[in-house]
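Rule-based calculations on the coordinates, nothing more; no lab input. Values in this document were obtained by computation on a predicted structure and should not be read as measured data. Cβ placement follows ideal geometry from the backbone for every residue including glycine, while neighbour counts extend to all protein chains displayed.
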Amino acid sequence: MNPELEWLTFKGVTLRHLKEFVSYRASILATIIWPLPLLALNVYQYLGLASTSQVGQILYSKYGIASFSGMIIVGTIVYLLYNRMLWGTGAWLVEERFNGTIESLLLTPSSRLTMLLASGFSSLVEGAWWIVGVFLLSWAIFGVQPAIGDWVAVVIALVSTMIALVAVGVFFASFFVLTRIADQLATSLQAPVRYASGVAFPVAALPAIFQLFGYMLPVTYGIAALRTTVIQHGTLVGLATDLIPLFVLTAILLIVGDLVLKRLELKAKKDGSLYKI
Amino acid sequence: MTNAIETVQLTKFFERKGEKHGRFSWLKRKARLKPISAVDNVNLSIPKNSLFGLLGPNGAGKTTTIKLLATLLLPDMGAAYVNGYNVVKEANEVRSSIGIVTGGERGLYWRLTGRENLLFFARLYGVRDDKAKPRITELLKLVELEDRADDNVEKYSRGMKQRLHLIRGLIHDPPILLLDEPTLGLDPNSAVVIREFIKDKLQREQGKTILLTTHYMEEADQLCDQIAVIDHGRVISSGTPSELKSGMQKFDVLRINATGVSEDLISNARRIEGVEEVKISVIDSVAGLTEILVHTWNAEETLPQLTETMVKSGARVRLIEQSKPSLEDVFINLTGRRLRD
């Protein structure tokens, strides 16, 4: 492994993604508009049934969640970033194949994993405004006040969640490239994760079997870690139960994703299948 | 190893699957058919600083050979070495040693400018920005794209994209270039510019070793020091263009353009004494204009009989010319068909 080559690859892929992202105003506009109705949907599905204080009381007494809207805001942000990974990094290799540029990439001596990590990183940068934007919006509309006890814990929870999301993108990319329908696969993976990872309600509210599924998803632990630190005055000590499984799942996703990608490239080189599009 | 590229019995098969038939066909697996031999025991020795041509029709195995050398495909049998590196065991070293240029418009990022495309690929080859940027400017000048360097590639003409492709393959200054149909689909003027660039700048001035695939005879004839004629995955002949043509010198070649050419006329022409081969190809289907190519031992004796046969059959002759054998004639003689068939 050549560290300079990998760094240049990371830089090259990231800057290229960002340039392509800003080159069409419509894509920026879509990115700005998309979180607003999603946030409203998540909040008003509760407020259509009961008042803010009633919902807050139930969530606190049953699940120990201090802020109803804070819970939803954190869940919505992580879910938005997860979607960005599905469509950005997950579908990236398929898009390269469709555009006829995948051979050019595979002809370079750069690591494929580095390319995917850079693609994930740039997808996060593209979606980073959501973190700030959605919080500002929530403060302005719902009067949400963050309840932060330890800023270091917030940063660690945020960075760990982002790394886990990149790993999710790498994992999906290696599987999506097996098929020509990345967009349909990405769509089909949106709803189950939204349902089982506790985006808009606590995972504990789910039937046991779905809770089991939810606890297999890194998104679940990312949401839990951020909720603990951003709206519950959580500290580093209290984060361990969320961060340890998050790290384990991140490592598994990266290792499996990399292995699948390598095997897939080998298979494609044997039968020429990667280029048949 | 003194050769820049060497292949030893290089072979590549592609699996084929048949159609599913019958009731509940969706349940049945596709039948496996005999694999296609895309590259079959190919032996090539390409010396450093030479321009070597792989000449053959579409589907002959040229692109598969290039992909095997570029590490995009794995061989099923045999071995290949590029710049002394084994294409299977030392793939990364091979990739750093080669620049590859494919014909057509794909392989570039249309939403980036020409300059940004080059910088992107320079980084993926590990070229630092401080070295890459002046080199990019120099390369853009070389192919006369400096004025359009900061326009998005989507605004480029096909010829401009092809020139950009060419210098993209040079961005990391590789000693070996694999050019797969580099003038495919270009207008004649753009093709001439690219050919001159390949011969004069890349081979003569910069001393690159170039493996070029083409199905354009004139391109191979004009550019290549050595040629291997490939058909159905096998190298059927190789040598310098003059060596290949010298094998044909014993024949005279008559080219006839005519309308109203019938099957009977061709059969009768083949029976004329001294005629070795008669091939026809349609030049203008609307006007019914056909080119008849006749290889004969003695054009002076054949021509009167051929003319008489044509007149009797009702064909109207537009042009008759006697020419020296070209590489096209060599190919027809070797394979019994034209390159563009």
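Just to check, using Stokes-Einstein with a Kirkwood Rh over alpha carbon pairs, what's the diffusion coefficient of region A:3-275 at 37 °C and 0.692 mPa s in µm²/s?
For the chosen part, D equals 168 µm²/s.
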Filter chain B for me: DSSP H helices, axial length by Cα at least 18 angstrom, mean Kyte-Doolittle hydropathy not below -0.5. List them by residue number.
B:299-313
To the nearest 10 degrees, how steeply does helix A:218-231 sit against the main Cα axis of chain A, on a 0 to 90 scale?
40 degrees
Taking amide H positions as placed 1.01 Å from N in the peptide plane, with prolines and chain starts having none, which residues 5 or more places from B:Ser238, or on another chain, fall under 5 Å of its amide H?
B:Val229
So which residue, out of A:Thr52, A:Thr114, A:Thr89, gets the largest mean-square fluctuation from a GNM of chain A using Cα contacts under 10 Å as springs?
A:Thr52
The answer for trypsin sites (Lys or Arg not before Pro) in region A:98-200 that fall in a DSSP coil and have at most 14 neighbouring Cβ atoms within 10 Å is A:Arg180
Among the listed pairs A:Lys11/B:Lys131; A:Lys262/B:Lys201; B:Lys199/B:Lys324; A:Lys19/B:Lys133; B:Lys133/B:Lys208, which have their C-alpha atoms separated by more than 26 angstrom in this model?
A:Lys262/B:Lys201
Relative to the first principal axis of the alpha-carbon coordinates of chain A, what is the inclination of helix A:3-23, with its axis defined by its Cα atoms, in degrees from 0 to 90 and to the nearest 10?
70 degrees
Considering the convex hull of the alpha carbon atoms of the protein assembly as shown, report its projected area averaged over all viewing directions, in nm², one decimal.
36.2 nm²
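Chain B: longest stretch without exposed trypsin sites (Lys or Arg not before Pro) (DSSP loop, at most 13 other Cβ within 10 Å), sites themselves excluded?
B:129-249
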Check cross-link reach from B:Lys141 to the aspartates and glutamates: straight Cα distance under 16 Å, and skip same-chain residues fewer than eight apart.
B:Glu116, B:Asp150, B:Asp151, B:Asp173, B:Glu196, B:Asp200, B:Glu205
Return the loop-located GluC sites (Glu not before Pro) in region B:231-298 (DSSP other than H, G, I, E, B) with at most 11 other Cβ atoms within 10 Å of their own Cβ; answer none if there are none.
B:Glu273
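Count neighbours as other Cβ atoms within 10 Å of each site's Cβ, and list the chymotrypsin sites (Phe, Trp or Tyr not before Pro) in region B:87-151 that are DSSP loop with at most 10 such neighbours. Working shown, then result.
On the way: sites: B:Tyr109, B:Trp110, B:Phe120, B:Phe121, B:Tyr125; in loops: B:Tyr109, B:Trp110, B:Tyr125.
Listed in order of number, the matching sites amount to none.
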Would you tally the net charge around A:Thr31, using a Cβ to Cβ cut-off of less than 9 Å, leaving A:Thr31 out, and scoring K and R as +1, D and E as -1?
0
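Using only atoms on other chains, find how many Cβ atoms lie within 10 Å of each Cβ of peptide A:266-273 and report the average.
Numbers: counts 1, 1, 3, 9, 8, 5, 9, 2.
Mean number of neighbouring Cβ atoms from other chains: 5.
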When Lys and Arg each count +1 and Asp and Glu each count -1, what net charge do the other residues less than 11 Å away from B:Asp173, Cβ to Cβ, add up to?
+2
